Structures are given as C-alpha cells and as structure tokens.
Amino acid sequence: MFALLAFVSACGDKKTEKSVEDSSKIAVYTEMEAELTAPPNVPAPVGNRVAKKLKVNMEILEEEGEMTDGVKYVYWTFGGSVPGSFIRTRVGDEVEFHLKNHPDNKLPHNIDLHAVTGPGGGATSSFVAPGHEAQFSFKVLNPGLYVYHCATAPVGMHIANGMYGLILVEPEGGLPKVDKEYYVMQGDFYTKGENGERGLQPFDMQKAVDEDADYVVFNGKVGSMTGDNALTAKVGETIRLFVGNGGPNLVSSFHVIGEIFDVVRVEGGSLENKNVQTTLIPAGGAAIVEFKVDVPGTFILVDHSIFRAFNKGALAMLKVEGEENKGIYSGKEKEGIYHPEGGAIQTMPQGKKVPAEVASSLKEKIAFGKTSYMQTCFACHQAEGQGIPGAFPPLAKSDYLNADVDRAIDIILNGKTGEIKVNGQTYNSVMTRQNLTDEEVANVLTYVYNSWGNSKKTVTATMVKNRRNGGH
Amino acid sequence: MISKIYNILFFLCLGLLQTQAQNNAMKLVKGGSYIPLYGVDTVLVKVPSFFMDVYPVTNQDYVQFVKDNPKWKKSKVIQLFAEENYLRHWQNDEEIGVENLPVEPVVNISWFAANAYCECQGKRLPSIDEWEYVAMANEKMADARKLKSYNEFILAWYEKPKPKNNPIGSTFKNYWGIYDLHGLVWEWTSDFNSVLVSGESRKDVDTDTNLFCGSAAIGATDLMNYAAFMRYAIRGSLKANYVMKNLGFRCVKTADTIKNK
C-alpha cells in the first residue's frame, strides 16, 4: 500500500499525498464501543464525529443454521450472522479489536481485515484457540468499504462456511447523507447434497475446489431478504447498499432489476461511477451503490450471472411503497394482437400452424406436459416442483394447487399477482400469463398433478377451454 | 525451555504407583514410517514402536489423579501451568458434577497437567508423529488416509461444534485396537507447538518450505490434507497453559521400556 502511495505522490498529486499523510497522524480523542449490526442493518453513520479509539468486541460462533427450507448447514460466523457483524469506522480511528473464540467452538480462527495496513491484515495477531480471546489494534488510514474474513488453514473452508463480513471506513465528515442504508453480502456455498437436498449438509471440499457451487446467496441463506424479510423503502428515498462478496470463489455481477445505480463507489474505493446498470464485485471485494427509488414496486437484487439468481438463491427484494408515477413508469397500458402483416388481417394466423399433436393416453399427456413444463415452468418452479423459497411457490405437494383445479387453470391462462399462501409460506410475486394452447395447459397441469405427491387429477382441454371462455 | 521449568518444579509425583489399571489398557503400535503433511515425498519420518492408551484419559481417571496429587486440583493449580478455565466444567476439586460422565474424556486440561498425569503413570504424552501415525488407521487399515470415507468422517466431526457428552469407546476401534482418536476430542501431544502454524496460514504456505513445501501447498486440495491442516492449526493456536472444552489427552509408552520390565 505504501508503495502505491509513493507512486501517487511521485506523480505530483500533492493533495492525495497530503491527505494520506495526515490520516496516520489524525489524533484520537475519547474511547467508544463500536456498534455492531447483523445484516441487512448497518450502524449509525459517523457524521461529524472526531476520530476515536474504537473498541470492537467480536465473538466467533460455530452454529447450525438453515440454508433454505429443510436444508441445514453448520455456519462459522463472526458475531453469529453470515455475513458477520458490520463494523463502521472513520478515517483516523484507532480500532482496538477483541476477537473472542467461543469455548463451544471446535476450531481456531483469526481475522484478516482488508482495512488494516499491516502483515496479514491482522491475521497473525488475532489467531485464537476456542475459549480464548485475542486483542490487536490498528489505525484505519484509507477510506472505503473493505471485506474482512477468517484466514486460518484451510482458508478456503473457513470462508466457504461463512466467515466474512464488511468494515466501512468513512472519510472525515462521513459519506453524504441518504435515507436508507443496507448491508448485503454475497457468498457461494458447497454442500455434499445437490441444491435443495434436505437434511444437515456438510461442506464439500471437492466441489469448492472445482468452484461448483450449490448455493449462491445473499446474506448467508436463500430468501434472507425476500417476502417478509425484504428490504423496504419509500418512493423518493435514496438508498445506499453496502454490497460485499465473500466468495470464496465467484465474482458477482450485482444488479437491481428495474433500477439504475445513480452512483457506484467502484470496488468500495474513492472512484465514483454514475448511471450504472450492473457492477462487478470481486470475491474479497465490495462496492457501494446508491440510487433514488422513484416508483413503487418490488425491485429484485440479483447476481446477474442469472442462473445463480433463479436456481441457486442469489436473489433479494427491495419493496418500495408510495405513489405511482406514471410519467416514469406506466405499468402495462394496453395488450393487443400484433400483426406483422399489418392491420388488414383480423384473425390470428392459426391456419398456418401445424396442428399440435394430441395426447391419446394419460401417459402421453404426462409426457407432453413434462416437455412444456421444462420449457415454460421449470425456470421458476424448478425441476422437482420445489420452487424457490421466498420467491416462487412450490408445486410439489402444494396445498394451494391441489385445493382448486379451476384456479390453477386460471393462473396459467391469466397470470397471477399478489399475495398467496402455499404450504404455510406466504409468497408475493408475479407470474405472467402463459401463452399455451388449451391442449398444452391440460397436459402440463396433468403432469404437475401426477408428480411430486400431488392429487393425481387429470385436466382436459375442454376444462381449459371452459375456463378460457369465462369459467362455465 | 518450558519442559525444563516443568521438570524442575513439578517432577514430584506422588501417585507414581497407581498405574496398573492404565497399563492394562494399552495397545502396541508397531513402528514404521510415514509421510507427514509437512513433508516432501522423499522424506519419510520413522516412528519406533510404542504402546498407546486404548482410550483417552477420563474424568474418573483424572479425579483419582488430583486426589493423589492435590497440587493439580483446580483450586490449587498454579496459573502458570493451567489458565483459569482449567477443569472449569467440574463441580469442584474432586467432583465432576452431574453434567459430566465419569467415562467421558477429561477436558479443560493444560499441556502441563496432561504431561504431569502421564509421567505419574510412568508414561508420557505422544509426539505429533506418534499421534499422527496411529491416527492414520481406520478399522481395517493402518493407513486409511487415501479413503474418502475415512476423511469424510474426520472432517464431519471437525465441522461440528458443541459436542455432547460422549463416553470413551463411542467411536470406532482402529486397526491397532485403539479407540476415539477421531470424533471425540482433540488430544494434546508432547511437541504440539513444534510445527508452527503461525496463524497467518497463507504466509506459512509461501515461506516456510519445511512446513508446506511448494508442491504440497499447491496440491493440498484433497481431503486428507485438509483434515491434517485443521489439526495442525488447532495445535498451532495453543500454548502449554491453555485449556479447551474440546481438548483432552492420552498417554503412550516407548515399547522398549515395557519389554524390559
């Protein structure tokens, strides 16, 4: 780091040189205990406070948690959460760090904070056995958003089990004021069983080495910020997200569906980029993104390596409430038929269509239905109908599905918006209307009803046609 | 240096004769050579034959020891030799309390205490090499380190925090007839801090070629090495007066000395 600074000063950038020199000499006044928060919350901004001696008390806990419904995992944590507690400092603070390894833990741990200027980022000085406490101090010199993580052998395994978090170093006077701040951190997980396989899943070293992740999630688990746990904001508010990526392996293409980042503090540093759609966050790196929410609705946070979002869990929600602003976003205004030939032809060009093969037996219906399912439904409801917890309801053993066939047909024909309850879980998302023929709807529903422990109903094209014509 | 201080101050062992029961519960481990984690392919470490306790030392064994050697009672022990959590889980000096089983491995024991115990039995703590050598075995093979199932068993235990009360003998009996080397508690070794994992593991990989030579570090991807890494890490995090809730011990005896008797 010093070499880099020397280079900067050699370029004659006097201002940079001066401010950096200063930060190591900033005097500290009183002492205070650092406020630590679990995600998605962050401690109060530093504002105008002077540099202080900041005591950080962090406890390491190894404990079982839930990766997704029915899937348990033993997480190793800084402060009992994944990612670990958020630490908020300002330039010039002298941090006195107390790292406590709970006596119930099995393993030694340490902490490497990327905000530290010194060998190992503190790792050497903080190595601590279960039932013990290590103390070390450092002065934060460079403003920015930094990752911290455990660096005990095997390093990859400690990180893969959740031992990472963020430490923010604000400049003097603090970051510009915003209305809402949240803490979001991505991580990839490697389990012995495949994605969704139930029970307590041990860490899989081979998959980690192969970088073949079973889960890619925000804040340590699938659905950590969806449904009732979604982040919230009001129209007109400015949101700041402190986004980190613990890895251990994958780089995140962080994107918020339906928003453009007004400002990205690139890689958590001092460079500001404006009007950004997707920002890259390296493993062991971070970014600060800021945007004003202008219209109400649910905005989805994803890793835009998109299979991770819809198949591995890297999906969170920001729910914005307030007045619609049709000038900015109209919603769907009109729906009509599109004629490539122009307006003269008034009917759908059905005549040219090859007549669809009609299933002649239940077995065929199910086979055809499965094909449609894999083309149309699979992405959200998943291969075994298990859905994605917090985002897309399950079709497997679904009480909601089995209760009402007509309702199921209607949802495929017309789509579905709003809150529903499936197997005790509340879902609030959007399914668009599906462009399928009566025959296809009948087959796909028959397939679903005859799979995964459902009620084995058979749905006919006539039933679908009746619903399409008004439900008689 | 530490052991010197120890010898001067504490090689006064009143319970020297109370050793018969333990002796009966030892098994011969036939010597051989093995490649430790930190070695290179050409460096085989020779391990001479030795006898090892079949089980870790239990609460009830240790109660007897403190009765015979009151200076190792938790109210009496000198902090230089055992930090304040020494025998913390026991109810008092001579009673383990209802929370603990008499036949559980005794834990919250410092290296000094473990060492004294073994010496009082006419035994000693195993070296890292002896411990690692005997712990390579599964039920059937003397060296099972290449088996996936063997490594998975070990790793599964390392990953699980908050151990419950587990009596000795509750894990498998290995090739040598010895129980509980994996899956119950960590165990002290005589030279636990001779291989220094500094805490900055990545630095170790880069610079200390004796510890993790280049090829071992780069190739250290298989489970076998990961399990061993974790044992070296825990040993490296300890000091001789430290105690841990998951750390117990057992004793060994060099084979020749027993033959001679």
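Applying both filters, DSSP loop and at most 13 other Cβ atoms within 10 Å, to the GluC sites (Glu not before Pro) of the range A:356-395 gives A:Glu357, A:Glu384.
Which percent of the accessible heavy-atom area of the range A:19-142 goes to carbon and sulfur, probe 1.4 angstrom? Carbon plus sulfur share of accessible area: 48 percent.
Taking the DSSP bridge list for chain A and keeping only pairs wholly inside it, about 70 percent are antiparallel.
Within straight-line reach of A:Lys457, meaning a Cα separation under 19 Å, sit the following lysines at least 8 residues removed in sequence or on another chain: A:Lys363, A:Lys365, A:Lys370, A:Lys397, A:Lys465. At the listed q of 0.21 Å⁻¹, the Debye profile of the range A:91-175, built from one uniform point per Cα, gives log10 I(q)/I(0) equal to -0.97.
Taking the square roots of five times each eigenvalue of the Cα gyration tensor of chain A, the equivalent ellipsoid has semi-axes of 49, 27, 18 Å, listed largest first. Per-residue ellipticity at 222 nm, computed for chain A from helices alone with -39500 (n - 2.57) per DSSP H run of at least four residues, works out to -5500 deg cm²/dmol. Taking trypsin sites (Lys or Arg not before Pro) in DSSP loop conformation with at most 10 other Cβ atoms inside 10 Å as exposed sites, chain A has its longest uninterrupted site-free stretch at A:1-176. Using all Cα-Cα distances in the range A:123-231, what percent lands in each 5 angstrom bin from 0 up to the longest? Percent of pairs per bin, in order: 2, 9, 14, 17, 16, 16, 13, 8, 4, 1. Loop-located trypsin sites (Lys or Arg not before Pro) in the range B:43-149 (DSSP state other than H, G, I, E, B) with a sparse environment of at most 12 neighbouring Cβ atoms within 10 Å: B:Lys76, B:Lys140, B:Lys146.
Quick check on my link table: of B:Lys71/B:Lys253; B:Lys123/B:Lys160; A:Lys207/B:Lys46; B:Lys30/B:Lys123; B:Lys146/B:Lys173, which ones sit more than 27 Å apart, alpha carbon to alpha carbon? Beyond 27 Å between Cα atoms: B:Lys123/B:Lys160; A:Lys207/B:Lys46. Post the alpha-carbon centroid distance, the range A:116-184 to the range A:209-287, in whole angstrom. Cα centroid to Cα centroid, the span is 18 Å.
The values are calculated or read from the model by the stated rules, or taken from the named source; none is laboratory data. If you're wondering where the values come from, they're calculated on a predicted model, not measured in any experiment. Every residue, glycine among them, receives a Cβ derived from its backbone with ideal geometry; neighbour counts consider all protein chains shown. Note: areas computed on protein heavy atoms with side chains; ligands, DNA, RNA excluded. Shrake-Rupley method; radii C 1.70, N 1.55, O 1.52, S 1.80 Å.
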